[in-house]
Amino acid sequence: MAEKIRRDSEIDIAESSGDAGRELALQIADIIADTPAANTLVLDIHEISPFTDYFVICDGENERQLRAITREIGDVLSKQGVRPERTEGTPNSGWILMDFGGTVVHVFDVDQRAFYRLEELWSDAQTLLAIQ
């Protein structure tokens, strides 16, 4: 099982970039470490992206796993008052995007992730965390 990241500080949801965005991205990686998520990456794209600062990318093997991953992210963060600005996609589409402003989460099925290759498209980004 993947090693979990522990964070003791609360995230200031009013600030969506900088340290708060980084903490949110790492917290999301921590949350999905307890789900069927695989191949989790946290990318720092703030220097190369005009629309967000961090990507969290992971995949699941089927619709049920995609649903479990996104549900866990939503459940844990909503208890802290953090909700995505928008969510797009569905488990049966193979790609769910959760936009938290400074942090965007991509939950793919294996085939969609291989097709879109976000890691390659954003290869200039710094990898903050990789969990296999």
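Laboratory data are not the source of any read-out in this text; all were calculated from the coordinates shown. Computed from a prediction, not measured in an experiment: that's the story for all the values here. Glycine gets a Cβ as well: all are built from the backbone with ideal geometry, and neighbour counts include every protein chain shown.
Values for this structure:
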item: FRET efficiency, 1/(1 + (r/R0)^6) with R0 25 Å, evaluated for residue 86 and residue 121 via beta carbons; result: 0.75
item: For the chain, the longest site-free run once trypsin sites (Lys or Arg not before Pro) in DSSP loop states with at most 15 other Cβ atoms within 10 Å are removed; result: 8-78
item: Restricting the range 24-132 to GluC sites (Glu not before Pro) in coil, as DSSP defines it, with at most 14 other Cβ within 10 Å; result: 47, 61, 85
item: Relative contact order of the chain, defined on C-alpha pairs under 8 angstrom at six or more residues apart (%); result: 29
item: Global form of the range 7-132, assessed from the alpha-carbon gyration tensor, a/c cut-off 1.5; result: oblate
item: Beta bridges per DSSP with both ends in the chain, % antiparallel, nearest 5; result: 70
item: If the convex hull is drawn through the Cα atoms of the range 75-132, its volume per residue in Å³; result: 121
item: Nearest-20 debye value, the chain charge dipole, Cβ charges on Lys, Arg, Asp, Glu; result: 380
